[in-house]
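All of the numbers you see were taken from the coordinates with simple rules; none came from a lab. All figures in this text were calculated on a predicted structure; none of them were measured in a lab. Note: ideal-geometry Cβ built from the backbone for every residue, glycine included; neighbour counts use all protein chains shown.
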Amino acid sequence: MVSPVPHDLPQQLSLFDGSVSAPRSDGASPEPRRDATAASQAAGHRQTAADSGPDAPGVNTTGQPLPVRAVLTPSSAMPQPVTASTPALVPHFQHPRAQRNIQLGEHQVSYAFRRARRRSIGFSVGPDGLAVSAPRWVALSEVDQALQAKAGWILRKLHDQHERACRVQANRIEWRDGSSLPFLGETLVVVLDARITGVQLGELNPALPGVAQRLLHIGLPPSATQQQIREAVQSWLQRQARRVFEERCAHFAQQLGVRLRRLSLSSAATRWGSASADGSVRLHWRLVHFALPVIDYVVAHELAHLREMNHSPAFWDVVRSVLPDFERHRGALKAEVLPSFD
């Protein structure tokens, strides 16, 4: 499964695991998710990354970054200094439901804390900030020690979330005549025209040489509200997404020798796509913003799960058999920040 996402996705869109995600209705974009786990042992600390999609958002679908999680056993967490490479752009990180504070390097971090039925201290960094959970038997001093042990990692992720939120905010669409948005890797410019019915895609606009730009004519008057414009554009994009996905799924299903039984559009918060053993595939409709090679990667990734329901080397060999350079397109899926539809 591929994890997407926009800024409300906890840290990038985009990884695959073969399960089906519950759809969202807010029209936000997903992004790939990065999960990290740190386990303290007598010999030291170990941290690994877990894939949960075709490399996820990238896409919580509203534009927020995907959460990053880490787990420490409390007994052996040793403090590690914050390195000089840690960015120092924001002096104070404040979670909206913060109950506790801690000084990590030069930064004051206010984090949400809760007791949970678990065996280790866990912490996650998402759009809201740092959240920590710990067993009831662990002393607060051990919680602080565990956070200090991973201070550098936590601060990097907090800065990543902050920078991504700024990028998403800069990409927010103002729904009006003349607003623009990406479609299949090109730029669409919205034109309100009450003389037409529905939505019509115009030809390439030669006014800007070297810039792919097309006009999207919307059958609404200049007095139309932002909500009316957004709903008209979103409905059109979803129809185009289904058309494109059906074509690409048919193409790659034949190449891979698999049978696609059902294709559904998704608005999942943290996945670009998912596949089930019964032959069902779900693809996030906001993939239609990306260029076709990126869409092909997600489609091939999910269909490959119909042969290998895992992320083993054999699975990646299946993907590579139809997309030899899939790593490049997977990178684009992670790097893009989609415009917020809010």
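The loop-placed chymotrypsin sites (Phe, Trp or Tyr not before Pro) in segment 114-216, going by DSSP, that have at most 15 neighbouring Cβ atoms within 10 Å of their Cβ come out as Trp137.
Would you mind ranking Cys166, Cys249 so that the residue whose beta carbon has the fewest other beta carbons within 10 Å leads the list? Don't skip to the end; give the middle numbers.
Values: Cys166 13, Cys249 19.
Going from least to most buried by this count: Cys166, Cys249.
Packing here is the average count of other Cβ atoms within 10 Å per residue, and on that basis the peptides 256-266, 282-292, 221-231, highest first, run 282-292, 256-266, 221-231.
Taking 0.36 nm per residue of separation and subtracting the Cα-Cα distance, full extension of the segment from Ser235 to Trp137 would add 30.1 nm. Taking Cβ atoms as reference points and 10 Å as the exclusive limit, the residues near Leu260 contribute a net charge of +1, counting Lys and Arg as +1 and Asp and Glu as -1.
In units of the rule-of-thumb radius 2.2 N^0.38 Å, segment 180-335 shows an alpha carbon radius of gyration of 1.18.
For Ala194 and Arg243, the FRET efficiency from 1/(1 + (r/R0)^6), where r spans their Cβ atoms and R0 equals 25 Å, is about 0.45.
Taking other C-beta atoms within 10 Å as the exposure proxy, Ile196, Ile102, Ile121 rank Ile196, Ile102, Ile121 from fewest upward.
Fewest-first ordering of Glu186, Glu302 by other beta carbons within 10 Å of each residue's beta carbon gives Glu186, Glu302. Fully extending the segment from Ser264 to Asp317, taken as 0.36 nm per residue of separation minus the present Cα-Cα distance, adds 16.5 nm. Projecting label points 7 angstrom from Cα along Cα→Cβ for Arg176 and Gln213 puts them 1.7 nm apart.
How fast does segment 108-179 diffuse by Stokes-Einstein, in µm²/s, taking the Kirkwood radius from C-alpha pairs at 37 °C and 0.692 mPa s?
Working: Rh = 14.2 Å.
Taking Rh from Cα pairs, D becomes 231 µm²/s.
Modelled spin labels at Gln226 and Glu106, positioned 7 Å past Cα toward Cβ, are 3.6 nm from each other.
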